[in-house]
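Shown next, in structure tokens, is the structure this report addresses.
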Amino acid sequence: MMAEAVFSCVLLDSALSLDVGDWSVEGAQLGLPEVPVKISKHRLHGGKQQGVDLLTLENGEMQISLIPTRGMSIYEVRCDGYRLGWQSPVKEVVNPAFINAEQRGGKGWLDGFNEMLVRCGFEWAGHPCEEDGVLYTLHGRAANLPASRVTVEIDLAPPYAIRVVALVRESTFKCCDLELQTTLTLEPGSRDFHIHDRLTNLGDYNQPFQLIYHGNYSSPFLEQDAQFLAPVKRVTPFNQRACEGLAQWHCYAGPTAGFDEEVFLLECYADEQHRTLALVHNAAADLGVSLAYRTDQLPYLTLWKNTDTVRQGYVTGVEPGTCYPYPRPFEREQGRLAVLATGASREFELTYGLLMDEQEVGIARQQVEAIQNGHPCEVITHPPRAGS
Amino acid sequence: MMAEAVFSCVLLDSALSLDVGDWSVEGAQLGLPEVPVKISKHRLHGGKQQGVDLLTLENGEMQISLIPTRGMSIYEVRCDGYRLGWQSPVKEVVNPAFINAEQRGGKGWLDGFNEMLVRCGFEWAGHPCEEDGVLYTLHGRAANLPASRVTVEIDLAPPYAIRVVALVRESTFKCCDLELQTTLTLEPGSRDFHIHDRLTNLGDYNQPFQLIYHGNYSSPFLEQDAQFLAPVKRVTPFNQRACEGLAQWHCYAGPTAGFDEEVFLLECYADEQHRTLALVHNAAADLGVSLAYRTDQLPYLTLWKNTDTVRQGYVTGVEPGTCYPYPRPFEREQGRLAVLATGASREFELTYGLLMDEQEVGIARQQVEAIQNGHPCEVITHPPRAGS
Amino acid sequence: MMAEAVFSCVLLDSALSLDVGDWSVEGAQLGLPEVPVKISKHRLHGGKQQGVDLLTLENGEMQISLIPTRGMSIYEVRCDGYRLGWQSPVKEVVNPAFINAEQRGGKGWLDGFNEMLVRCGFEWAGHPCEEDGVLYTLHGRAANLPASRVTVEIDLAPPYAIRVVALVRESTFKCCDLELQTTLTLEPGSRDFHIHDRLTNLGDYNQPFQLIYHGNYSSPFLEQDAQFLAPVKRVTPFNQRACEGLAQWHCYAGPTAGFDEEVFLLECYADEQHRTLALVHNAAADLGVSLAYRTDQLPYLTLWKNTDTVRQGYVTGVEPGTCYPYPRPFEREQGRLAVLATGASREFELTYGLLMDEQEVGIARQQVEAIQNGHPCEVITHPPRAGS
């Protein structure tokens, strides 16, 4: 049997000191003029963007922009005139060279935060704290690690899948040696895309780690009376502020001055294969975004409702993780600080889908309800962490 | 009526991901062979300069070098063999990527300080302090913000004014969204240049801000018996060290080992249009630099006398601001921490002029005296801030 | 008499804003087709390497890779299939723009540490500490200062010596103005190379400084039963951990899980010209590396035995310095914080040599023994610093 034919190209590799520079390929060049596929990489200029690369995938339906220079974050997804992502006060795709994570008591990460999907991790992931003289900065370093290797692949046989395979390393002598291999897969004509990550401890000692997939949506997916939906087993307010909004925890307000944010901690039911589904859809239930993931890989789901004004960043985050975003010592105390043994890996699979009409939203709602299957949703009324 | 014809070119724009690279234009290319105008941009190399752009304007009299990569600071002004600026131990034009503002207890800014004019701001501007767990670093972030857009313009009709219009953004999610639009205007054959800044709060909440124009001069403008002159209403020593030099606060020493610095806080009289004028001229009063600004825009003037040795950086700063350079909490306490409402702007206009002979210095002195108009200058003998 | 003919080329100069980019020269181009000499500079790509230059010297025997962007550190030396250097978890040659030295309580330096030779210095050099509100970060800033000037020279007459002359500056307004001029010399066919450094205080005040040459070796030079050898007058355990290994302080373990590190503080005897010699050789004593230096220039020698597992970074450091790596206040207290008067310089000369067979190792051992000359080695059993 012949191996499947695959077009493959290394765009960036620090081991080879290779960078193809501005680059693109499309179906016609591969002898597939009718396959709507295009991949392009180009360097950004101006302001804090200087030296940042953007990698854009097109499949005839969607355009996905990834940021190799920022840990393979997804900047935005465009589809049919819609944009999945959000408008942050941070308007540029910021080069990590300009980020000082330790700024503002460990909140320097906020200087670069504007992605549709950003990983929080890997050595730590939550809110800043100081422990043993070390400042664990907000959401860790993953967003500000330039990828060490980026390869793109296009299958030359149906369904002509497009893949981006990249390596992101968080390595500090004596401290950690974590490697993320991330694969994003997209098929021509599809409005779904799939992320398959593998995080490996290359070090010779047990390595605690944290990983949160901080996915962020705004208008028109998010609006007054938009809904969050998932098969929720338990919802807990993150802090006192969230208690105020607990009754409407799954409904969204429109842009609201002074709202700031409410955060809820969720545990979800899953099917027998540990699959679960979390949706955000608009008020009319005819536009939405779904996120399928596995609760055995990502047991904790954080819902971030930042329905402040448009100019402050009107956005919601649906964030499955290996933990919640409390400071690391609290997560450890709660038994949510996972550990990778030497050489060990953990895999994470997520599928994002755009729901473009009432029917698609309806089907996704039914899937959620099927997983919920009439099981109760427990509402905890007090935040678990004193003083939060 | 026809619109004025203007040559205009965008040199840098992060929104378009545009950077023209090394670039220049001069009169002849615009059909104006007799108009002495030249604008050029080039990238610097070597050491911490790597990746820094320098933008140089020439008008037949002066050569002004701006640093887009460093918040549109002015590196130096050259005229007739003289150099307005100073020799810092920092010998390169430092890329902000190499600056860690939090270094040395918040004094990392000093790793890049060598400009003729650097803005201190915008979210904070003064001496470092810690408040609510946040380290407010020396002189804020403005000097280390790469410009997001730079446009140059040349009027194609007399007086053929040259303009650089640029955008500098200080944006952090949840914290601030300030935008400076700065316009520098220069006319052929002139030895004046004009800065017109507009600082806007793009956020939806009230935004405290601070802005100090840290303009710095050295030899031959500064020398033994050089003079500072302005229509001063009140002079106050910044700290105990300044008390020692209070009697001679407006006279300069030559390079003096062990001098370090003396700082004086000034309030100036202004004319009916709120215009005032501050001069530094040499001992012979035949070479000087004037700064015209408005006290309704910049009510506080700091005089920094750093007449230490040449190799330590022999320099004086004439620094109008919205505040004095005390730590932010003290400025707030004193009612000098200004606030921009949502969408609100504040404008700042400054004109620097080179005075190249006795007559020009004399005229400027008369202008100062006209504004002073015999009004008294009160001398406060004690620093307002305990322990300073 | 005619001056010696020399090929000379400036590869990088911030004063001229010059960078030749990717570049190389070899003997044939200089009319010396039979002289095995090649110098090449190329820019690295990918991950945190972005924008880093590597400068490689070849002399027919050895290949030495220097890192202009990282303070002229030596990345690795290759000879006859062997590699002098080590495998750090940090796999890329990290651009200082991505380093935040203040991270992890001042241990951010560890994010970039993987060189065969890295200078610790110049304003400070040891373990992190906070003093007067300033965080003195691990091993100082020298490794993360991009060189300001790099010149290469090749003598056009025998022995056709190759030289790299570079300038590295540590300059902060009001704080320090130190300049290192470093010259690396290499002769065709040789397996020795020579470093001649001159550190100058360009400031006008006395400048305390610290400098440690952190040279690092791994397999196959380092292995189970490899030996360290030097004419030692006194050996002192750095801390309690080192006390455990004191009896075998000059013998190496193989890669050992949980070993972490042991550090010993040495004082060495020297010959009448103050020259001394420190060796590391393998168990069979047929492969080694020698370091000749002067005890009047570098009176203190630190031996770092980091014989942890291969993946954690199996490595030993032989580190002559002007001090030991204790925090700066302790070094000051012990009288080991040297000071450069204004304009003063200190010179440092080191020669590294590869010993490729039993005979070469044997000769080097005899040289060490000749300097030791039967004099005793005092073993101190308690660490000098309480709590270390």
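The values are calculated or read from the model by the stated rules, or taken from the named source; none is laboratory data. Because the structure is a prediction, the values reported are computed rather than measured. Cβ coordinates were reconstructed from backbone atoms using ideal geometry, including for glycine residues, and neighbour counts include every protein chain displayed.
A few remarks follow.
- Close pairs from the stretch B:354-372: first farther than 23 Å from residue B:186 by Cα, partner polar (S, T, N, Q), Cβ under 7 Å, at least 6 apart: B:371/B:276
- Matching residues, the stretch B:156-178, being of a type in the set (D, E, K, R) and over 26 Å from residue A:306 (Cβ atoms): B:163
- Of all residues in the stretch A:215-225, one or more are part of a strand (DSSP E or B), in contact with a Pro (Cβ under 9 Å, 6 or more places away or on another chain) and small (Gly, Ala, Ser).
- Restricting the first member to the stretch C:119-143 and to residues that are under 20 Å from residue C:177 (Cα atoms), and the second to residues that are in a strand (DSSP E or B) and of a type in the set (Lys, Arg), the beta-carbon pairs closer than 9 Å and six or more apart or on different chains are C:125/C:119; C:139/C:119; C:140/C:119; C:142/C:119; C:143/C:119.
- Filtered residue count, the stretch B:167-179, keeping only those that are over 20 Å from residue B:16 (Cβ atoms) and more than 9 Å from chain A (Cβ to nearest Cβ): 2
- In the set (1) over 17 Å from the mean Cα position of the chain (by Cα); (2) among the aliphatic types (A, V, I, L, M); (3) buried (at least 18 other Cβ atoms within 10 Å of the Cβ), residue A:199 fails one condition alone, (1).
- Residue identified as within 23 Å of residue C:381 (Cα to Cα), in a strand (DSSP E or B) and at pLDDT 95 or above among C:266, C:277: C:266
- Boolean, residue B:78 is in contact with a Gly (Cβ under 8 Å, 6 or more places away or on another chain) and not polar (S, T, N, Q): no
- Apart from one condition, residue A:100 fits all of (1) without any contact (Cβ under 8 Å) to a residue 12 or more places away in the chain; (2) in contact with a Pro (Cβ under 8 Å, 6 or more places away or on another chain); (3) of a type outside the set (Phe, Trp, Tyr); the exception is (2).
- In the stretch B:237-258, the count of residues that are within 30 Å of residue B:199 (Cβ to Cβ), in contact (Cβ under 8 Å) with a residue 40 or more places away in the chain, among the polar types (S, T, N, Q) and touching a Pro at 6+ places or on another chain (Cβ under 6 Å) is one or more.
- Residue in the stretch B:158-166 that is out of contact with any Phe, Trp or Tyr (no Cβ under 6 Å at 6 or more places or on another chain), at negative phi, surrounded by fewer than 24 Cβ atoms within 10 Å (Cβ to Cβ) and at the interface with another protein chain (Cβ under 9 Å from one of its Cβ atoms) present: no
- Residues that are of a type in the set (Lys, Arg) and within 14 Å of chain B (Cβ to nearest Cβ) within the stretch A:306-340 comprise just one, A:311.
- Of all residues in the stretch A:64-111 being of a type in the set (D, E, K, R) and at the interface with another protein chain (Cβ under 9 Å from one of its Cβ atoms), the one that is surrounded by the fewest Cβ atoms within 10 Å (Cβ to Cβ): A:91
- Against the list (1) farther than 27 Å from residue A:79 by Cα; (2) of a type in the set (Gly, Ala, Ser); (3) over 19 Å from the mean Cα position of the chain (by Cα), the condition residue A:189 fails is (1).
- Residue within the stretch C:355-378 that is modelled with pLDDT under 95 and among the small types (Gly, Ala, Ser) present: no
- Filtered by the rule that a residue be in contact (Cβ under 8 Å) with a residue 24 or more places away in the chain, out of contact with any helix residue (DSSP H, G or I) (no Cβ under 6 Å at 6 or more places or on another chain), within 14 Å of another protein chain (Cβ to nearest Cβ) and not small (Gly, Ala, Ser), the stretch B:41-63 gives B:41, B:44, B:49, B:50, B:54.
- Applying the set (1) touching a strand residue (DSSP E or B) at 6+ places or on another chain (Cβ under 6 Å); (2) surrounded by fewer than 20 Cβ atoms within 10 Å (Cβ to Cβ) to residue B:134 leaves exactly one unmet item: (1).
- Scanning the stretch A:99-131 for residues that are closer than 14 Å to residue A:67 by Cβ and over 17 Å from the mean Cα position of the chain (by Cα) gives a single hit, A:99.
- Answer from C:231, C:237 - the residue that is at pLDDT 95 or above, touching a helix residue (DSSP H, G or I) at 6+ places or on another chain (Cβ under 8 Å), more than 28 Å from residue C:357 (Cβ to Cβ) and of a type outside the set (Val, Ile, Thr): C:237
- Checking the stated criteria, residue B:20 turns out to be within 14 Å of another protein chain (Cβ to nearest Cβ), at pLDDT 95 or above and more than 20 Å from the chain's Cα centre (by Cα).
- Among all residues of the stretch A:196-211, there is none that is β-branched (Val, Ile, Thr) and either free of Cβ contacts under 8 Å to residues at least 60 places away in the same chain or away from chain C (no Cβ under 14 Å) (or both).
- Among the residues of the stretch C:6-28, just one is of a type in the set (Ser, Thr, Tyr), in a strand (DSSP E or B) and touching a residue at least 24 places away in the same chain (Cβ under 8 Å), namely C:8.
- Of all residues in the stretch A:265-287, those being within 18 Å of residue A:314 (Cβ to Cβ) and touching a Gly at 6+ places or on another chain (Cβ under 8 Å) number 3.
- Residue in the stretch B:209-219 that is surrounded by fewer than 18 Cβ atoms within 10 Å (Cβ to Cβ) and not small (Gly, Ala, Ser) present: no
Per-residue answers, yes or no, for (1) touching a strand residue (DSSP E or B) at 6+ places or on another chain (Cβ under 6 Å); (2) under 19 Å from residue B:167 (Cα atoms):
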{"site": "B:15", "(1), (2)": "no, yes"}
{"site": "B:19", "(1), (2)": "yes, yes"}
{"site": "B:28", "(1), (2)": "no, no"}
{"site": "B:31", "(1), (2)": "no, no"}
{"site": "B:46", "(1), (2)": "yes, no"}
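- Scanning the stretch B:169-194 for residues that are in a strand (DSSP E or B) and more than 25 Å from residue B:136 (Cβ to Cβ) yields a count of 7.
- Whichever residue in the stretch B:112-153 is among the basic types (Lys, Arg) and within 13 Å of chain A (Cβ to nearest Cβ) and, among such residues, is nearest to residue B:79 (Cα to Cα): B:149
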